[in-house]
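Working notes, beginning with the structure itself.
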Amino acid sequence: MISDTIKELREKNDYTQTALAKKLGLSRSAINAWEMGVSVPSTSYLMELAKLFNVSTDYILGLDTKEKIDITFLKQDEKEIIYTLLNYFMKYHYMLDALHDIGLEHPDEDYKELYEKKFKLPQYLIPGLEMIHKVDIGELSVSDVLPITKDIE
């Protein structure tokens, strides 16, 4: 439902109802009404929410359940880094899920060596990952990541 999605996105992005209302030029009660399902945002506010939360309007409406991030402004080599990281994280989570499915309660701790050997991260991505874990990803700039692209070539 739209109401649940708006609330989920607001909380995920660390906005209070008051802060979101202020950002959109609305009252807190308007945001509350959206989240309670009493009313729905107009088309223009739906578009503002999509821009603010970096999702599609279809995602907010529940027509598309996949989150999307706009990377069209990135250079091709920067996109390749992102695709490689996504692929790594998908394999990592798939492996953890598989280990959990066979009854391992804490695969992160107990079988770290197993999934590190199975899904060895390309060495040129390690500096980027270390930066991500040390820095809030929202504050990480492209210039912070670019030095690792030299190793790719």
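The values are calculated or read from the model by the stated rules, or taken from the named source; none is laboratory data. Only a predicted model underlies this, so the values are computations on that prediction, with no experimental measurement involved. For neighbour counting, all protein chains shown are included, and Cβ atoms are generated from backbone atoms with ideal geometry for every residue, glycine included.
Annotations for the structure displayed:
- Taking the stretch 55-74 as the range and being of a type in the set (Gly, Ala, Ser) and either surrounded by 13 or more Cβ atoms within 10 Å (Cβ to Cβ) or closer than 16 Å to Lys12 by Cα (or both) as the test, only Ser56 passes.
- Any chance Leu104 is outside any helix (DSSP H, G or I) and either out of contact with any Cys (no Cβ under 7 Å at 6 or more places or on another chain) or at pLDDT below 90 (or both): yes
- Taking the criterion of being out of contact with any helix residue (DSSP H, G or I) (no Cβ under 7 Å at 6 or more places or on another chain) and of a type outside the set (Ser, Thr, Tyr), the residues of the stretch 24-46 that qualify are Gly25, Leu26, Ala33, Val38.
- Of the numbered criteria (1) part of a loop (DSSP other than H, G, I, E, B); (2) surrounded by fewer than 17 Cβ atoms within 10 Å (Cβ to Cβ), the one Leu52 fails is (1).
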